[in-house]
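J.: This is the structure I have questions about; it appears just below.
The values are calculated or read from the model by the stated rules, or taken from the named source; none is laboratory data. Here the structure is a predicted model, which is why all the values come from computation and not from measurement. Ideal geometry is used to build each Cβ from the backbone, glycine not excepted, and the neighbour counts take in all protein chains shown. Just the protein is used for accessible areas: all its heavy atoms, side chains included, with ligands, DNA and RNA removed. Shrake-Rupley method; radii C 1.70, N 1.55, O 1.52, S 1.80 Å.
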Amino acid sequence: MKKILVINGPNLNMLGLREPELYGARNFEALQKFILECADEMGLSVELFQSNHEGVIVDKIQAAYKVFDAILINPAAYTHTSVAILDALKAVALPTVEVHLTDISTREDFRKFSFVSLYAQKTICGKGFEGYKEGLKYLLEL
Ligand code: DQA
């Protein structure tokens, strides 16, 4: 059974409350439940991880080396700022999918660039919860 580490970055724990016109009305618990159900259907083993702290996310990516087969990550705001997360992903060199609930290419200019995209094998944007499912499917079929 493939082991996937699912990482959600800062403020994603505020889903439901946070700008619902952009991110939807469903909360973070619903997202986690959705991911676990998708993983179950696909026969994947998934560990869910969320942090609001860049260094904690870097530590988690480093610890994934030789433990997980792949990473699915929504780096949230760190997408656009974090060389450290990019470098950690490159260091462990696991297959990685980047997911965003919204379409970052059609939002503010500062969201158009993603450091994580410089490493991720696939980036899925603007599909809401479904993007996580598509990402898991991609990693399953790799
Ligand atoms: C996000 C997009 C980012 O620009 C933003 O900072 C987030 C969420 C998304 O899922 O659409 O926190 O990654």
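Matching residues to (1) away from the ligand (no atom under 16 Å from the Cβ); (2) within 16 Å of Lys127 (Cβ to Cβ); (3) free of Cβ contacts under 8 Å to residues at least 40 places away in the same chain; (4) of a type in the set (Gly, Ala, Ser):
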| site | (1), (2), (3), (4) |
| --- | --- |
| Met14 | no, no, yes, no |
| Leu22 | no, yes, no, no |
| Glu37 | yes, no, yes, no |
| Val67 | yes, no, no, no |
| Asp103 | no, yes, yes, no |
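J.: Name the residues in region 1-11 that are within 14 Å of the ligand (Cβ to nearest atom) and either crowded, with 19+ Cβ neighbours inside 10 Å or free of Cβ contacts under 8 Å to residues at least 12 places away in the same chain (or both), would you?
T.: Selection gives Val6, Ile7, Asn8, Gly9.
Results for (1) in contact (Cβ under 8 Å) with a residue 40 or more places away in the chain; (2) touching a Leu at 6+ places or on another chain (Cβ under 9 Å), shown as yes or no for each residue.
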position	(1), (2)
Ala70	yes, yes
Val83	no, no
Arg107	no, yes
Leu118	no, yes
Thr123	no, no
Gly135	yes, yes
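J.: Next up: For residues that are surrounded by 15 or more Cβ atoms within 10 Å (Cβ to Cβ) and farther than 24 Å from Met42 by Cα, tally how many sit in region 17-27.
T.: 2
J.: Please pick out the residue among Ala77, Ala30, Ala84, Ala91 that is open to solvent by 10 Å² or more (accessible area, probe 1.4 Å), within 14 Å of the ligand (Cβ to nearest atom), part of a helix (DSSP H, G or I) and at pLDDT 95 or above.
T.: So the residue among Ala77, Ala30, Ala84, Ala91 that is open to solvent by 10 Å² or more (accessible area, probe 1.4 Å), within 14 Å of the ligand (Cβ to nearest atom), part of a helix (DSSP H, G or I) and at pLDDT 95 or above is Ala77.
J.: Looking at this structure, is Met14 open to solvent by 50 Å² or more (accessible area, probe 1.4 Å) and touching a helix residue (DSSP H, G or I) at 6+ places or on another chain (Cβ under 8 Å)?
T.: yes
J.: May I pose another question? Leu44: crowded, with 19+ Cβ neighbours inside 10 Å and closer than 17 Å to Gly126 by Cβ, yes or no?
T.: no
J.: Mind listing whichever residues of region 97-116 are touching a strand residue (DSSP E or B) at 6+ places or on another chain (Cβ under 8 Å), surrounded by 15 or more Cβ atoms within 10 Å (Cβ to Cβ) and not in a strand (DSSP E or B)?
T.: Leu101, Thr102, Ile104, Ser114, Val116
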